[in-house]
Amino acid sequence: MAEEAKAPTEAMATMAEAAPVTAERPVRADLESRLPKPYLARALAAPDVNNPEGTEEGHEHGQKSVLQQHVSFFDLDGDGVVYPWETYGGMRALGFNVIVSFILGIAINIGLSYPSLPISTKIPKLYIVY
């Protein structure tokens, strides 16, 4: 009986002895009062305690996931495909210098183009589809 009473407490534990980082970065105790249903995954918004509704008002999500919204920042012409020169332009807009933007534009597109392609077109290309 003592073991059964102990199980729910262990299931709700927020610190693990074998992982000291869990003690260094405890889960906030006020999440439930500041953010409705903090355990619920959201598809269209990325809420936090300061912005419980997600991104500021006026932002149109266009029924895209949070990841798709992130990638669409780099899609300068809005066609759903991010080419290396668009990644370069996005990196420049974020304040990176010309050399770093060029290197990241190539590296990001090489690394993410193949996994983002539809299954029917698994021929390596240098653009990202989202």
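The values are calculated or read from the model by the stated rules, or taken from the named source; none is laboratory data. Quick caveat: nothing in here was measured; it's all calculated off a predicted structure. Cβ sites come from the backbone with ideal geometry, for glycine too, and all protein chains shown count toward neighbours. Heads up: the accessible areas ignore ligands, DNA and RNA and are worked out on the full protein's heavy atoms, side chains in. Shrake-Rupley method; radii C 1.70, N 1.55, O 1.52, S 1.80 Å.
Tell me which residues, restricted to the range 93-130, are open to solvent by less than 60 Å² (accessible area, probe 1.4 Å), of a type in the set (A, V, I, L, M, F, W, C), closer than 27 Å to Leu44 by Cβ and modelled with pLDDT of 90 or more.
Ile108
If you take the residues in the range 44-55 that are among the polar types (S, T, N, Q) and over 19 Å from Gln68 (Cα atoms), which one is surrounded by the fewest Cβ atoms within 10 Å (Cβ to Cβ)?
This residue is Asn50.
Six or more apart or on different chains, Cβ atoms under 7 Å: show the pairs whose first residue is in the range 28-44 and within 18 Å of Met12 (Cα to Cα) and whose second is acidic (Asp, Glu) and part of a helix (DSSP H, G or I).
Pro38/Glu32
Return yes or no: is Gly90 of a type outside the set (Phe, Trp, Tyr), closer than 26 Å to Thr55 by Cβ, outside any loop (DSSP other than H, G, I, E, B) and open to solvent by less than 70 Å² (accessible area, probe 1.4 Å)?
Against the criterion (of a type outside the set (Phe, Trp, Tyr), closer than 26 Å to Thr55 by Cβ, outside any loop (DSSP other than H, G, I, E, B) and open to solvent by less than 70 Å² (accessible area, probe 1.4 Å)), Gly90 qualifies.
Hey, can you tell me all the residues within the range 70-87 that are surrounded by 15 or more Cβ atoms within 10 Å (Cβ to Cβ) and under 15 Å from Ser116 (Cβ atoms)?
Val71, Ser72, Phe74, Asp75, Val81, Val82, Tyr83, Pro84, Glu86, Thr87
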